[in-house]
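Trainee: Before we start, here is the structure in question, set down as structure tokens.
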Amino acid sequence: MKTYIIDLDGTMYRGNTNIDGAREFIDYLHLKNLPYIFLTNNSSKNKDRYVEKLNKLGIEAHREDVFSSGEATTIYLN
């Protein structure tokens with residue numbers, strides 16, 4: 001794999017609860033230095049909110065790790 005594209009809701013978490021193995025999978029990607037990006041089609045939150053939520057759940061995330069449908073729409077409209 002060149003880059004892992006990881007869905008958020010239902011894959012990394014459900015509501016405010018981690019999906020079993022989600023955090024360990026991200027830890028493994030870090031350990032192996034494998035690139036990934038979190039992807040969501042839910043535009044109700046901005047990148048900062050997704051990063052905040054992931055970090056609260058113990059899943060390391062930064063702004064550049066998240067791509068949302070809202071961001072895709074902005075790029076398309078520009």
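Trainee: Would you calculate a helix-derived [θ] at 222 nm for the chain, using -39,500 (n - 2.57) for each DSSP H run of n ≥ 4 and dividing by the full residue count, to the nearest 500? Provide the component values of the computation, followed by the final result.
Mentor: On the way: 3 runs with 29 residues, N = 78.
Rounded to the nearest 500, the figure is -11000 deg cm²/dmol.
Trainee: What does the extension gain come out to for residue 48 and residue 18, with contour length at 0.36 nm per residue minus their alpha carbon separation? Intermediate values should be presented prior to the final figure.
Mentor: Details: separation 30, 0.36 × 30 = 10.80 nm, distance 1.84 nm.
Gain in length upon complete extension: 9.0 nm.
Trainee: Same structure, new question: Taking all protein chains in place and a 1.4 Å probe, what share, in percent, of the accessible surface of the chain do carbon and sulfur account for? Walk me through the numbers before you get to the answer.
Mentor: On the way: 2710 of 5380 Å².
Carbon plus sulfur share of accessible area: 50 percent.
Trainee: Keeping all protein chains in place, calculate the accessible area per residue for the chain (probe 1.4 angstrom), answer in Å². If you can, show how the numbers build up before the last one.
Mentor: On the way: 5380 Å² over 78 residues.
Result: 69 Å² of accessible area for each residue.
Trainee: Tally the DSSP beta bridges in the chain and give the antiparallel ones as a percent, rounded to 5.
Mentor: Details: 2 of 10 bridges.
Roughly 20 percent of the DSSP beta bridges within the chain come out antiparallel.
Trainee: With angles folded into 0 to 90 degrees, how steeply does helix 22-31 sit against the dominant principal axis of the chain? Use alpha carbons for both and round to 10.
Mentor: Approximately 80 degrees, to the nearest 10.
Trainee: Computed from these coordinates, which is Rg and Dmax of the Cα atoms in Å: (i) 13.9, 39; (ii) 12.4, 39; (iii) 12.5, 43?
Mentor: Derived directly from the coordinates: (ii).
Trainee: In whole Hz, what ³J(HN,Hα) sequence does region 3-15 give by Karplus (6.51, -1.76, 1.60; θ = phi - 60°), x for Gly and Pro?
Mentor: Once θ is set to phi - 60°, the couplings for region 3-15 become 8, 8, 9, 10, 5, 9, 5, x, 10, 9, 8, 10, x Hz.
Trainee: Sequence-distant or interchain residues sharing an amide H contact under 5 Å with residue 38, placed H: which?
Mentor: 6, 66, 67
Trainee: Something else: Against the longest principal axis of the chain, how steep is helix 47-56, in degrees 0 to 90 to the nearest 10, with axes from Cα atoms?
Mentor: Taking Cα atoms only, the helix is inclined about 20 degrees.
Trainee: Here is a follow-up. Run down the lysines and flag those whose C-alpha is under 16 Å from the C-alpha of residue 45, throwing out any fewer than 8 positions away in its chain.
Mentor: Residue 45 reaches 53, 56.
The values are calculated or read from the model by the stated rules, or taken from the named source; none is laboratory data. The structure displayed is predicted, hence computed values, not measured ones. Ligands, DNA and RNA are stripped out before the accessible areas are found, and what is left, the full protein with its side chains, is counted by its heavy atoms. Shrake-Rupley method; radii C 1.70, N 1.55, O 1.52, S 1.80 Å.
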